[in-house]
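Undergrad: Supplied in structure tokens, the structure appears directly below.
The values are calculated or read from the model by the stated rules, or taken from the named source; none is laboratory data. Nothing here was measured: the structure is a model prediction, and the numbers come from that model. FYI the Cβ positions are ideal-geometry reconstructions off the backbone, even for glycines, and counts take in every protein chain you see.
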Ligand SMILES: [Zn+2]
């Protein structure tokens with residue numbers, strides 16, 4: 001099974017809104033499920049992913065419910081329950097959440113262990129990075145396991161490519177470089 005095959009549906013902005021509308025029993029204000037803490041957008045995450053990330057003391061609290069993932073960097077909330085006030089923060093997880101980390105290690109690809117520092121080092125040495133291609137090759141072989149490894153439950157390539165863009169920009173802007 002290629003767990004990354006469905007990621008395209010999340011990439012289209014709007015698809016989540018359509019899903020939220022069809023699944024909503026409330027008024028228009030419920031169309032976009034925003035994080036109760038930061039007000040940012042969220043995406044659905046399976047309960048299985050939530051349970052695979054939580055510290056053991058929280059498992060029983062997440063046996064039921066429908067959870068969403070908040071990816072805002074400055075918001076400590078990782079998961080929140082759609083229908084009630086249940087929420088779990090970075091401290092409640094067994095794994096470090098890369099999108100919410102501002103210092104190394106910043107995990108990017110949880111299936112194959114690539115962190116932001118790997119990409120940063122490669123760019124500073126060679127000016128470019130082979131990491132997205134190496135990850136893509138493994139994904140094409142069906143070897144990724146994002147639902148069980150990535151706290152967001154979806155393919156890491158979006159975050160990896162975003163980090164590559166930011167790091168390459170920073171590298172070319174660096175005045176210390178010749
Ligand atoms: Zn949030």
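Undergrad: With region 65-155 as the region, which strands (runs of 3 or more DSSP E) entirely inside it contain at least 3 residues that are within 22 Å of residue 34 (Cα to Cα) and within 15 Å of the chain's Cα centre (by Cα)?
TA: 67-70, 77-81
Undergrad: Considering only region 2-18, I want to know if a residue exists there that is at pLDDT 50 or above and in a strand (DSSP E or B).
TA: No, the conditions are met nowhere in region 2-18.
Undergrad: Would you say residue 158 is under 19 Å from the mean Cα position of the chain (by Cα), within 26 Å of residue 47 (Cβ to Cβ), part of a helix (DSSP H, G or I) and not assigned by TED's automatic domain parsing to the domain that holds residue 42?
TA: In short, yes.
Undergrad: Restricting attention to region 52-65, and to residues there that are farther than 13 Å from residue 87 by Cβ and surrounded by 14 or more Cβ atoms within 10 Å (Cβ to Cβ), which single residue is nearest to the ligand (Cβ to nearest atom)?
TA: By that ranking, first place goes to 53.
Undergrad: Going by what's in this entry, would residue 90 be described as more than 16 Å from the ligand (Cβ to nearest atom), closer than 25 Å to residue 102 by Cα and surrounded by 14 or more Cβ atoms within 10 Å (Cβ to Cβ)?
TA: no
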